1. Mind computing the radius of gyration and Dmax over the alpha-carbon atoms of region B:60-157? Å is fine for both.
2. For region B:60-157, calculate the relative contact order in percent as a whole number, restricting contacts to Cα pairs under 8 Å that are 6 or more residues apart.
3. Share of Cα-Cα pairs in chain A beyond 22 Å, in percent?
4. Using helices alone, what [θ] at 222 nm do you get for chain B, with -39,500 (n - 2.57) per DSSP H run of 4 or more residues, divided over all residues and rounded to the nearest 500?
5. Given R₀ = 60 Å, FRET efficiency for A:Y5-B:L280 by Cβ-Cβ distance, to 0.05?
6. Helix hunt in chain B: which complete DSSP H runs extend at least 27 Å axially by C-alpha with mean Kyte-Doolittle at least 0.0?
7. Say R0 is 45 Å: what FRET efficiency, to the nearest 0.05, do B:R137 and B:L26 get from their beta-carbon distance?
8. Just to verify a number: FRET efficiency for A:E114 and B:R58, C-beta to C-beta distance, R0 = 45 Å, to 0.05?
Amino acid sequence: MIQLYRVTKYYEGVPALNDVSFIVNKGEFAFVTGPSGAGKTTLLKIIFCVERADEGQIIIQGQNTFRLKPSSIPYLRRNMGFVFQDYKLLLHKSIFENIALALKVVGTPYGDIERRAYQVLKKVGMENKRHLVPPKLSGGEQQKVAVARALVNEPQMLLADEPTGNLDPESAHEVFGLFRDINMKGTTVLVATHDWETVKKMQRRIITMERGMVTDDGSKGAAKPHPRISTKQSGGVNETRLIEGEP
Amino acid sequence: MRGYGPFYFLGEAFRGLRANSVVNLLAVGTISMAMLIVGFFLIVFFHIQSAVSTMSDRLEMSVYLKEGLTQHEKDFLLYRLKTEPGVKKVVFLSKAEALAEFTKELKGQETLIQGLGENPLPDSYELNFDRHYAESRRLEALAKKISSYPGVEDVTYGKQGAEILSGLYKLLTYGGLSLAVLLGISVVFIISNSVRLALYSRGQEIELMQWIGATRSFIQGPFLIEGTFLAMLGSALAIGILAALYYSLPTDVMLFLSRMNGLDFLPPSVVTYMIVGSGLLGLIGGMISVNKFLE
């Protein structure tokens with residue numbers, strides 16, 4: 001499903017990704033963890049064809065992204081849902097309209113839009129709030145809507161970049177629960193996060209990154225948090241931060 | 001492949017136009033000012049062109065014949081003159097007819113002619129030309145050519161008049177073209193700015209659409225329609241203002257203008273070209289901004 005071979009990406013001569021290689025199989029659920037600046041977001045952007053790698057090969061759903069014409073990228077993205085840390089919901093549109101936009105973009109017939117939007121909102125438990133605008137919802141609810149939008153076109157793969165970064169532990173738990181359910185129905189899920197507590201609980205594959213390199217891959221929750229990541233509970237919010245110089 | 005038809009894009013375009021109504025109204029106003037200048041210039045152009053055409057029709061060339069030519073030689077010369085390209089009409093003017101005309105022109109001073117004794121004027125052929133051939137360089141070349149024909153004594157034509165007419169034609173054509181190009185560029189610039197503002201105001205939505213798999217044409221369609229519509233609206237407004245101004249001219253001026261060349265307001269075909277042309281410029285302006293934004 002996702003194959004990366006010796007992928008390197010530079011920003012102004014500094015490597016953001018350095019010789020990254022891994023494979024995520026169809027139907028797999030994997031986390032990418034690491035401290036801020038480890039290259040998690042760059043990695044997801046490259047998989048999503050927002051950025052181009054400078055070296056290496058990336059094969060997504062059997063297609064080598066280096067050989068992909070710019071006009072083909074939208075069609076590749078239609079098979080990949082993306083969930084952002086800041087939700088990226090259109091604030092002046094209702095929840096229903098936000099979902100409908102994703103359906104319109106792929107040319108869904110008008111007659112099907114309402115039904116499909118309702119179904120996907122029901123899946124995430126937000127069907128009763130479909131007429132509200134995002135600012136009327138809590139962070140957790142907004143992220144659920146964002147997950148619904150990512151899923152509405154039934155993608156084969158779901159990518160998420162720090163999806164619980166702005167959420168309280170309870171909401172984070174609910175969102176990860178959604179990811180687990182989606183994965184159980186066959187969708188490949190790749191989540192970049194530094195929410196170590198949740199990662200540990202989920203018992204899934206963990207790809208650990210540091211300074212643009214993969215430092216550990218494959219262990220299911222048995223992996224220890226990176227020495228430079230510390231987790232602690234603060235004010236009910238799961239806070240993860242870098243401890244400089246900690247062994 | 002599934003997709004949305006023109007109604008979806010039209011709906012989205014009008015939603016965008018409504019959302020940025022102030023900016024769009026300003027754009028329409030500015031475009032209509034530019035198109036007002038174009039329209040005014042076109043009215044002047046058509047009136048002057050028509051006047052120039054009338055003058056071209058009156059442009060004549062006189063081919064004076066040598067004394068003592070036989071009828072056969074005159075007929076042969078007539079045949080050669082008639083077959084020259086651009087020659088519309090050839091009329092034979094005998095010595096006697098030429099003198100009669102000359103006498104008429106010298107009304108009140110006929111004694112001058114009487115003093116000449118024998119009729120000194122030669123037989124001649126008077127040539128009229130098609131409008132497009134009434135051009136000084138062509139006429140000069142033709143005069144030179146005809147001078148070399150056997151039996152031709154001299155060739156004269158309104159050289160100065162022809163040169164002035166040619167100059168006027170050139171000035172109108174090149175001046176008009178330059179002005180049209182300049183104003184065309186300004187329309188493209190105005191539309192491209194207006195569409196750019198619309199793009200920035202919906203930047204978040206466009207970025208999101210790219211992330212969720214929207215094709216380039218799906219994103220740019222409504223903006224291109226907006227650009228085209230704004231330019232066409234500006235142009236139509238300018239034509240409306242121009243027509244109102246034209247028809248509010250005093251009756252005497254109107255009568256003078258229409259008697260001069262039989263021209264009313266801009267012909268419908270020109271009005272259509274103006275609106276469609278500005279629509280195309282609007283489309284180009286929109287494309288420039290959208291492409292730059294999506295890059």
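1. Reported Rg and Dmax, both Å: 14.6, 42.
2. 51 percent.
3. Summing the P(r) of chain A above 22 Å gives 54 percent of all pairs.
4. Mean residue ellipticity, 222 nm, calculated: -24500 deg cm²/dmol.
5. Computed FRET efficiency for A:Y5 and B:L280: 0.80.
6. Long hydrophobic helices here: B:21-57, B:159-201, B:216-247, B:268-294.
7. My answer for the efficiency is 0.40.
8. Rounded to the nearest 0.05, the efficiency is 0.05.
Quick note: the coordinates plus some simple rules give every number you see, no bench work behind them. In this text the structure is predicted, and so the values were computed from the model without any measurement. Counting neighbours? That spans all protein chains shown, and the Cβs are built from the backbone with ideal geometry, glycine included.
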